[in-house]
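See below for the structure under consideration.
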Amino acid sequence: MGGGNCNPKDFGAAAYWDARYSSPSTGGKGGGGGGFFDWYQSYSALRPLLRACVPTSSQVLMLGCGNSLLSEDMVKDGYQNIVNIDISSVVIEQMKEKHTDIAQLTYMQLDVRDMSFFGDGSFDCIIDKGTLDAMMCGDDAPHGAYKMLAEVARLMRPGGIYMLITYGAPKERLTLLNQVRCHWEVELYIMRKFEMPSPHSEERAQVPFLPYYSIIT
Ligand SMILES: C[S@@+](CC[C@H](N)C(=O)[O-])C[C@H]1O[C@@H](n2cnc3c(N)ncnc32)[C@H](O)[C@@H]1O
């Protein structure tokens, strides 16, 4: 995904994600039915940079959370406030139910292209693991991706961090980021391949290595 191999009708569409998260055949480790699935990387791989750059007291926004373990693992590690959003009402209901006892986690169904629910500068850190990539597969790409990034820029407090974990080529992603004209400082990390515990071999095959950006306003 994000590397030009995606079907535009799939990853950018809410209906695709609702079906995926509803389906028993992609349940458990594959994504739906109350299971979990972490795209690209797990918290343990991201932890060194997160802990170095993002204090545990930060207001964090998780874009396109899906049923990833990332937010849950961050809370276990001390993070105090993570707002999780996703366009799929199915996964948001599943995650609300799963984490009903974890006060540090909140969930809401929201489109990353319109996050007007939140005021300007609401977040210290915005994390995106695979969601810009999904947007780039949408029918309205790259316009939808631009709208999303403009919203990210609006929601970040001055000095905040947008952490983008992406499969996209650095040159392509930098072109998108530069379109927003926010004078972001960009740091790029190339991460080693993560062997996903997934039964879906085609997904495993699509992740040779991952560019990783930390963007600081
Ligand atoms: C590749 S998955 C990544 C899920 C999770 N972040 C992870 O790392 O495992 C992309 C997620 O973005 C969500 N998504 C796609 N388009 C979206 C949009 N316009 N607004 C909010 N979420 C969206 C999908 O429902 C899906 O959960």
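Read-outs: derived from the displayed coordinates by stated rules, not from any lab. This is a predicted model, so every value here is computed, not measured. Note: ideal-geometry Cβ built from the backbone for every residue, glycine included; neighbour counts use all protein chains shown.
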| Which pairs, out of LYS76/LYS147; LYS98/LYS129; LYS76/LYS98; LYS76/LYS129, put more than 23 Å between their alpha-carbon atoms? | LYS76/LYS147
| message | Over segment 31-75, what portion of Cα pair distances is larger than 13 Å, expressed as a whole percent? | response | 59
| query | With Rg and the Kirkwood Rh both taken from Cα atoms, where does Rg over Rh land for segment 13-145? | reply | 0.94
| remark: Charge tally for neighbours of THR100 with beta carbon under 14 Å away, counting Lys, Arg as +1 and Asp, Glu as -1, is -2
| request: Provide the FRET efficiency to the nearest 0.05 for the LYS98-SER23 pair, computing r from the beta carbons and using R0 = 25 Å. | output: 0.90
| query | Mind ordering 117-125, 81-89, 129-137 by average Cβ neighbours within 10 Å, highest first? | reply | 129-137, 81-89, 117-125
| If you line up the Cα atoms of segment 134-186 on their principal axes, what length do they span on each, largest first, in Å? | 32, 19, 17
| Any idea how far apart HIS143 and ARG51 come out in nm if each label point goes 7 Å out from Cα toward Cβ? | 4.5
| query | Sequence-distant or interchain residues sharing an amide H contact under 5 Å with ILE127, placed H: which? | reply | LEU61, MET62, LEU63, MET163
